Amino acid sequence: MKRLKTFLDDLEENLLCGILALMVIIIFLQVIMRYVFANSLTWSEELARYLFIWLTWLGTGYAFKSNRHLRIEFLVDKLSVRVRYYLEFLILVLWLGFSVFLVYQGWIVTNLNWTRGQLSAAMQIPMALAYAAVPVGCLFMALRLAFRLFSGFLEKRYE
């Protein structure tokens, strides 16, 4: 399981870095084309938008991995350690359930867009490629939540 987690960590980080670098290059190229050559690329803005969608959905799992999601701990800090443990466990289970639900629903919407053949305006690529960011990103999130629940969180039981 540790190998799978390491593989997914590396894959996720490389995808995020690659997408961000590609976005910067595309936007920079668009600025150069527009202001230096007085001619713009018709597809660059749309591609940057879809890449940003992918960056956001993939970034949720990475934010969870590094504990960077927003939390309001005002009330949680006032609870006992035991209650805090069970509350954290409940939150992780609910979050995992919601992530699995989003994977399922995202897959349905992506598949629906694929079968209908909806194309993007400028690039004429299937919109299903943009919609696929939701189930893929939520799958990464669900895997991260499962790793935390089954490997780390359950081993740190309240004593």
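Read-outs: derived from the displayed coordinates by stated rules, not from any lab. Since this is a predicted model, take the numbers as computed values, not measurements. FYI the Cβ positions are ideal-geometry reconstructions off the backbone, even for glycines, and counts take in every protein chain you see.
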So GLU73 and LEU90, fully extended at 0.36 nm per residue minus their Cα-Cα distance, gain in nm 4.6 nm
Please give me the summed charge of the neighbours of PHE28: other residues whose Cβ is under 15 Å from its Cβ, Lys and Arg +1, Asp and Glu -1. 0
Just the projected area, averaged over all directions, of the convex hull on the alpha carbon atoms of the chain: how many nm²? 12.0 nm²
Quick calc, segment 2-153, dipole around Cα centre from Cβ unit charges on Lys, Arg (+) and Asp, Glu (-), nearest 20 debye, gives 420 debye
